[in-house]
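Take this structure first; my questions come after.
Just so it is clear, none of the values below were taken in a lab; they were calculated from the coordinates. Note that the coordinates shown come from a computational prediction; the quantities given were computed from them, not determined experimentally. Here the Cβ is made from the backbone with ideal geometry for all residues, glycine too, and neighbour counts use every protein chain on show.
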Amino acid sequence: MTKVGENRLAVDIGGTFTDLVLEWGGQRYCDKLLTTHQDPALGVMQGIQQLLDTSGARPADIDLLLHGTTLATNALIERRGAVTGLLTTAGHRDVLEMASENRFEQYDVNIDRPIPLVPRHLRLPVVERLNAQGDVLVPLAEDSVAACIPTLRDAGVTSVAIGLLHAYANPAHELRVAEMVHAALPQVSVTTSSAVCPEIREYERFSTACANAYVKPLMARYLRDLEHALQGLGFGCPMLLMTSGGGLTTLAAAREFPIRLVESGPAGGAILAARLAAEHGSDAVLSFDMGGTTAKLCLIDEGQPLVSRAFEVDRSYRFKKGSGLPIRIPVVEMVEIGAGGGSIAAVDALHRIQVGPRSAGSEPGPACYGRGGEQATVTDADLALGKIGEAEFAGGAMRLDHRAALQALAAQVGTPLALEPTMAAVGISETVDENMAAASRAHAAEWGKGVSDRLLVAFGGAAPLHAARLAQILRIQQVLIPANAGVGSAIGFLLAPVRYEVVRSRYMRLSEFDVAMVVELINEMRVEAHQVIDVAAGDAPLVESCNAYMRYQGQGYEIAVSFSASDLATDSPHQILGDAFAAAYAALYGRVIPGQEVEILSWTLALGVEVAKVPALGAPAQELSEESGLDGASTQDLVVTMPGPQHGQALPAPLVQRATLAVGRLLHGPVLIAEPHTTTVVPMGSQVVVQRDGALLINLLDAGDIQHA
Amino acid sequence: MLAIVEEQAQTLMRTAFSTVVREAGDLSAGLFTPRGEMLAQAVTGTPGHVNAMAAAVGQFLQVRPLPQWRAGDVMLTNDPWHGTGHLNDFTVVTPVFVEQRCIALFASTSHIADVGGRGFGPDANDLFEEGLQIPISMLFDAGQLNDTLMAIVRANVRDPVVAEGDLYSLCACNDAGAKALLHLLQDFGLKSLAGIDEHILATSARAMQAQIAQLEAGVYTHQTVIDGYRNPLTLRCAMTISATQIQLDFAGSAGASRFGINVPLPYTQAYASFGVRCVVGGDVPNNAGSLQPIEVLAPAGSLLAAIRPSAVSARHAIGQMLPDLVLGCLAQVIPDRVPAEGASCIWNPVFRGDDFVINPIYNGGTGARAGKDGLATTAFPSGVRTTPTEINEATSPLVTWVKEYRPGSGGAGEFRGGLGQRLEFTHQAAKAFTVSKMFDRIDHPAAGRQGGEPGAPGRVFVITPDGSRVTLKGKGVETVANGARLVLETPGGGGSGDPQARLESARLRDALAGIESTGPADV
């Protein structure tokens, strides 16, 4: 972002909290408010006003606004999107509902499949047919499109998805249908599957198109309202939106493909963690983002988060794979589970404590919020255990109610298990930490990686409270809590590169590699990427990266093989791609298959602003100081949750203000380090050192000795 | 632990070649103790594979005792009695070593599209007509490929490229599992699974027994009639529930068939035990411990305990009907937890033409459940997925003109059975093609429960170019002539409870969607 200036504002709307970070005049100002679900722009504008007041900045001083929001995700999960219609190839109107015809849980006969975003009576047939090569078998019958219009109008449809078979190979029919719908119903949003996800496999493509259509009117309205409100306040700077793939995109592209904005907050968090990994010289990181509703865990190797093209939103069955709606867009690969501060604890039929995935959210929120919540949540447990620096909670804007927390803990968990409220809190805290550990291990195993040799980077309002214990369970030795940890995702937005990825399906055998066709395709994709990126990047230098999605002939899944457009100008581009594929395949699956034909299914091209290599900061060893006195520290009882002789006992722990700790400062646990939006819990038997960038590095000295069942 | 086997399954799916495996998830993976007990399975596995494989690894260890295994070894078989019931399924076993000690074995199974012979279908009269048979053999010997074996495989199948690729995929799948297991052990600071494995198996066995103990002890019998190859077959089950065990005895069921629908005992055991486990102890992980309290018996030489060299290719068409039979017994014990009968066996036609063979999987409806409608077009008891139409059309010249719900096919009831689907196919170039059929519930639809009506029966017919309709049987290979259109209608699930008691809101919802049950299906 060389062109735009240094004064930037980042806003992240999450399920429970809205986080804001302002960089102005070389200073960083942060704020955290409860998300205003009725009118999310309202909370954003309140937060911005507060930051302007605190900092003294004026709207006109701000050079760039960066924004991520969970709004699209929430609309999908809560089914609050547009009344959506689907125009689809006649004879195939149930693709969306038949899905993969499988059960995601073998041993439960009572599972329910996800409810499709478009009900059957609004999935309407269009007479036309292409084959897999994109040739026309049956020409588009325009009268069949016209016949759908009254049904759409009478049902009050405000958004239409168009999903025709083999449209990834030839979008002509979809484009003509879109034209006709637009002409007949000019107020209605239109999404074509070939634009949103031009990839083979109709269920995933239609699902993505319908999800985009479903959130499109709502997101367009929200983005327009926000834009107006910002202009009203005097903002004149451009706004870029965070995407699920970890890049930034323009307002116009966001309006057209709002589905690319789902999970943008977590993507921001992954970017922050990647930057910290580089700065702290760690090439194996587990990023841990725990907010009010969920916990997100992401592996970052060599400073890069894993990125993929497949994702599921609204996993309705305990976040289980297969129980959600598939979305094919570029995403930062991570595991998300229902484990946040607001996650609700209960006792099940087998007398086990269960935590989440249901959340008390921001309304009514945990019992201790004093807003009428009666369920015991993780935050209530954390409060009872003495892990929260109360004066700092949510920037001091909220007073926590101890009695309400203890009452809820007793009623929901303590009494059924005959436990004191404090022990109920220990149980809840351990359960949620074990859940997160299990999810991390499963995710790492799925990618053939381990977790114990990683640096745990923790941020988000609830993560610093749980990070040290999670690390102990995972046998991780070091935990890093960045500065302004409570608003980590929003800080990630400030670090995100402007980047946009385009995809096309074009089948080709490697032995029949058609250079001219690939060059034309790449040029076409480059033009499309430029249309988005030029607005956002200004005159900053751009880097281009291309991937071919390749496999052995007949395989079902492809692997990404990167190449550069200049490879196509060489004498043997197919040789270069073939070698790269073999290397990538061997790295992933251990052995190559000799003499087997290789095929290419799809291609991606990404344009992004060049990212400078981040220099490592180095440890503050020279400045290490261990002072005996803690000026101005109060003391708070902290309950030991780790199994051992002192399990469940309350030990006095000093509570210090993070702002008072100098670089190089070393403290021994137990100690609580409070800051405006969160508290870092440093357990007994560990020590913490303040790093050059203000991050807290916790060394869990005893990690190796802990036994686990 | 589950994560590792899940990783195995994912690797297999990502690298597997045959369309049925790669798109349909017709594969299974499991982690085994050095004693051959299954410790964990991947959730993507289908019960017929997983639970049969649970017995298979022991066979491998008999052929090659543990001390003989070396790092880099991979063993292979497609023996129906040592694997998962027919020649198309290849099972691959790989040992995992830590410091020169074998601490676990990984096994995975997948369905390979063609193994020579008559091709995948029910028409053979003995095993030798069904294709290539490989006894338990070394595929890799300390990392060295057995070239002779691979050459034999290549020479005996119709698509050698795909078969070879699939075998490599199975190896990759086990390797991925091993890699993940080693990571996990490292994370836990362990050098073996000793202790953990016994703990898992003992806990699972205890949890399963505790669930069985809650059932009322006694002997419960049920029988059902299914379509068979040409003549209907009766299947009988006597379920004996004691304090710690459930025994299923299929004595009195039909005798061996002359055709390829016989079921080797491991496959019978696999689906019979699944029939129990899907409603009793379903939350207990599936492993040797939780399977141990279920005993499955059938007279040797009968349909459900076929002996060599009976033809077994389409054994799933019978085996997948067993959970409904078992559930018929359990309905007498726990009527409020047992669903009505469903379409049950998958409809997986094998389409063959001059230059292609595809084996897509389609499903009918499941039976209505306790307090819920059945699931439309969903595999049960099988755990497979369907193949996308776009993939079928990219890999063959067939056009799927219709793949849509079959309105009215769910059996009426307070809770409706799940819907079947209608499919229509032609050859793009109007050429002839053959279809191998292994379908059931055409003459014997899925029964309802507690006053619910049966689901619509399945149908198979051809519409000839002159517009006339020719009905086809449910089993066997037939040719669809030049320019003709093949129509499949998969069965609906049975309903549950009195149709009059169905909620008005549910009726209206069905009416709006245009899928309401209209009584017996019209023709």
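Quick one: compute the contact order of chain B, relative version, from alpha carbon pairs under 8 angstrom and 6+ residues apart, as a percent.
It rounds to 14 percent for chain B.
Of all chymotrypsin sites (Phe, Trp or Tyr not before Pro) in segment A:513-597, which ones are in loop regions per DSSP and have a Cβ with at most 16 other Cβ atoms within 10 Å?
A:Tyr557
Within 10 Å of each Cβ of B:176-184, how many other protein chain Cβ atoms are there on average?
Details: counts 7, 2, 1, 5, 9, 1, 2, 10, 7.
Mean shielding by partner chains, rounded to a whole number: 5.
Give a quick list of trypsin sites (Lys or Arg not before Pro) in segment A:29-105 that DSSP marks as loop, anything other than H, G, I, E or B, with at most 13 other Cβ atoms within 10 Å.
Working: sites: A:Lys32, A:Arg79, A:Arg80, A:Arg93, A:Arg103; in loops: A:Arg79, A:Arg80, A:Arg93, A:Arg103.
Filter output for segment A:29-105: A:Arg79, A:Arg80.
Continuing with this model, one more query. In what order do B:Arg315, B:Arg422 fall by count of nearby beta-carbon atoms within 10 Å, going from fewest to most?
Ranking B:Arg315, B:Arg422 by Cβ neighbours within 10 Å, fewest first, gives B:Arg422, B:Arg315.
Something else: Taking each residue in B:387-397, count the Cβ atoms of any other chain within 10 Å of its Cβ, then average. What number comes out?
The shielding value for this peptide is 6.
Send over the per residue convex hull volume for the protein assembly as shown, Cα only, as a whole number of Å³.
Spread over its residues, the Cα hull of the protein assembly as shown gives 171 Å³ apiece.
Between segment B:365-442 and segment A:91-132, what's the alpha-carbon centroid distance in Å?
11 Å
Put a dot 7 Å past each Cα toward the Cβ at B:Ile334 and B:Ala481; how far apart are the dots in nm?
Label at B:Ala481, label at B:Ile334, 5.3 nm between them.
Determine the alpha carbon to alpha carbon distance for each of B:Lys431/B:Lys475; A:Lys449/A:Lys613; A:Lys320/A:Lys387; A:Lys296/A:Lys321; A:Lys321/B:Lys475; A:Lys296/A:Lys449 and list only those over 27 Å.
Pairs exceeding 27 Å: A:Lys320/A:Lys387; A:Lys321/B:Lys475.
Can you check what the net charge comes to around A:Ala267, using other residues whose Cβ is under 12 Å from the Cβ of A:Ala267 (Lys, Arg +1; Asp, Glu -1)? Intermediate values should be presented prior to the final figure.
Details: positive: A:Arg260, A:Lys296, A:Arg499; negative: A:Asp12, A:Glu263, A:Asp289, A:Glu333, A:Glu336.
Residues close to A:Ala267 contribute a combined charge of -2.
Rounded to whole Å, give me the distance from the Cα center of segment A:555-617 to that of segment A:40-57.
Taking the Cα centre of each part, segment A:555-617 and segment A:40-57 sit 45 Å apart.
Treating the beta-carbon of each Lys and Arg as +1 and of each Asp and Glu as -1, no other charges, what is the dipole magnitude of chain A about its Cα centre, to the nearest 20 debye?
That gives a dipole near 920 debye.
Further, regarding this structure: Quick check: Cα centre of segment B:322-340 to Cα centre of segment A:378-433, how many Å?
So the two Cα centres are separated by 44 Å.
How far is helix A:172-184 tilted, in degrees, relative to the longest principal axis of the Cα atoms in chain A, given as a value from 0 to 90 rounded to the nearest 10?
It works out to around 80 degrees.
Same structure again: Against the longest principal axis of chain A, how steep is helix A:421-446, in degrees 0 to 90 to the nearest 10, with axes from Cα atoms?
The two axes meet at around 40 degrees.
Under a straight-distance cross-link criterion of Cα-Cα below 14 Å, which aspartates and glutamates are reachable from A:Lys32, leaving out those fewer than 8 residues away in the same chain?
Those aspartates and glutamates meeting the cut-off are A:Asp12, A:Asp19, A:Glu392, A:Glu675.
For segment B:150-166, just list the computed ³J(HN,Hα) in residue order, Karplus coefficients 6.51, -1.76 and 1.60, θ = phi - 60°, integers in Hz, with x standing in for Gly and Pro.
4, 5, 5, 4, 4, 6, 10, 10, 7, 10, x, 4, 5, 4, 5, x, 5
Which aspartates and glutamates have a Cα lying under 19 Å from the Cα of B:Lys473, excluding residues fewer than 8 positions away in the same chain?
Within the straight-line limit of under 19 Å, B:Lys473 reaches these aspartates and glutamates: B:Asp123, B:Asp227, B:Glu424, B:Asp440, B:Asp443, B:Glu489, B:Asp522.
Give the residue list of trypsin sites (Lys or Arg not before Pro) in segment B:171-277 that are DSSP loop and have at most 14 other beta-carbon atoms within 10 angstrom.
When the trypsin sites (Lys or Arg not before Pro) of segment B:171-277 are filtered for loop state and at most 14 Cβ neighbours within 10 Å, B:Lys191, B:Arg230, B:Arg258 remain.
Quick one: order B:Ile246, A:Ile48, A:Ile149, B:Ile318 by neighbouring beta-carbon count within 10 Å, fewest to most.
Result, fewest neighbours first: A:Ile149, A:Ile48, B:Ile246, B:Ile318.
Also, I was wondering about something else. What is the average number of partner chain Cβ atoms found within 10 Å of a Cβ in A:90-98?
Taking the mean over all residues of the peptide, I get 6.
Using Cα-Cα distances under 8 Å and only pairs 6 or more residues apart, what relative contact order does chain A have, in percent?
In percent, rounded to a whole number, it is 12.
Could you line up A:Arg176, B:Arg101 from fewest to most neighbouring Cβ atoms inside 10 Å?
B:Arg101, A:Arg176
Residues with amide H under 5 Å of B:Lys437's amide H, sequence separation 5 or more or different chain, H placed in the peptide plane at 1.01 Å from N; which?
B:Gly476, B:Val477, B:Glu478
Just name one of A:Ala536, A:Ala565, A:Ala584: the one whose Cα is farthest towards the positive end of the charge dipole of segment A:499-609 (beta-carbon charges, Lys/Arg +1, Asp/Glu -1).
Result: A:Ala584.
Counting only the backbone N, which residues of segment B:86-126 are under 11 Å from the spot 7 Å out from the Cα of B:Val63 toward its beta-carbon?
What the label zone holds, given the 11 Å backbone N cut-off, is B:91-93.
To the nearest 10 degrees, how steep is helix A:142-154 against the longest Cα principal axis of chain A, on a 0 to 90 scale?
40 degrees
If each residue of separation counts as 0.36 nm, what is the full-extension length gain between A:His228 and A:Gln575 once their alpha-carbon separation is subtracted?
Contour length minus Cα-Cα distance gives 119.6 nm.
Pulled fully out, how much extra length does the chain show between B:Ser192 and B:Asp354, if you take 0.36 nm times their separation in residues and subtract their Cα-Cα distance?
53.1 nm
Could I ask something else about it? Given axes a ≥ b ≥ c from the Cα gyration tensor, I'd like to know whether segment A:392-494 is rounded (a/c under 1.5), prolate (a/b larger than b/c) or oblate.
Oblate shape, in that a/c is at least 1.5 and b/c is the bigger or equal ratio.
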